[in-house]
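Visitor: First, the structure itself, so that you have it in front of you.
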């Protein structure tokens, strides 16, 4: 019995070694086919298909110009948007006796509106003043006109918070996200990019 088990053990080791050698050879062969230059001899060569723009055929049978691919929208990073300062607010917190309060400055950052290619920017003022994009100026005026609603939303949210909810770093971040969600729901057509605290004192 021991001899049979010994024979099976040897056969198992041989099979294992054979499988390792075969898999290593296959891996090396595939690496050679994929990475070796195509001017070297290979059992077969890889071919790549690249997408091409096919010209459209109009009813007359003539080839028309290929369709233009859409230009991807520019990604606006934090700090590149339009900053709207909502001012400093002093608000009583939801504490017994109303003795605690918060003094906070909130700045909102919005994604700039798409520039109108037909709009002509205002002429630069004397002295080399910066040219103001009419679309940005119109957007800023639109948001400033809604500042009373924005401030009311921020004040209502803050007056429902307690000192324990705000004094930690996690509490400040949670408040930032809540303000962002509330204002984004208030202004769904405008993309809010960020909420920044320029002042944050809880006493």
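Visitor: Within the stretch 183-190, identify whether any single residue is under 22 Å from residue 79 (Cβ atoms), assigned to a loop (DSSP other than H, G, I, E, B), touching a residue at least 40 places away in the same chain (Cβ under 8 Å) and touching a strand residue (DSSP E or B) at 6+ places or on another chain (Cβ under 6 Å), and answer yes or no.
Guide: Among the residues of the stretch 183-190, at least one is under 22 Å from residue 79 (Cβ atoms), assigned to a loop (DSSP other than H, G, I, E, B), touching a residue at least 40 places away in the same chain (Cβ under 8 Å) and touching a strand residue (DSSP E or B) at 6+ places or on another chain (Cβ under 6 Å), which makes the answer yes.
Visitor: Could you pull out every one of the helices (runs of 4 or more DSSP H) wholly within the stretch 114-168 that has 3 or more residues that are modelled with pLDDT of 85 or more and farther than 30 Å from residue 103 by Cβ?
Guide: Qualifying helices (runs of 4 or more DSSP H): 134-145.
Visitor: Taking the stretch 81-108 on its own, how many of its residues are modelled with pLDDT of 85 or more and assigned to a loop (DSSP other than H, G, I, E, B)?
Guide: The number of residues fulfilling the criteria is 4.
Visitor: Do the conditions hold for residue 198, that is, is it modelled with pLDDT of 90 or more, in contact with a strand residue (DSSP E or B) (Cβ under 9 Å, 6 or more places away or on another chain), loosely packed, with under 15 Cβ neighbours inside 10 Å and farther than 20 Å from residue 76 by Cα?
Guide: yes
Visitor: Turning to a different aspect of this structure: Of all residues in the stretch 165-184, which are closer than 16 Å to residue 155 by Cα and touching a helix residue (DSSP H, G or I) at 6+ places or on another chain (Cβ under 9 Å)?
Guide: 165, 166, 172, 174, 175, 178, 179, 182, 183
The values are calculated or read from the model by the stated rules, or taken from the named source; none is laboratory data. Note that the structure is a prediction, hence the values are computed from the model and not measured. All Cβ positions, glycine included, derive from the backbone under ideal geometry; neighbour counts span all protein chains shown.
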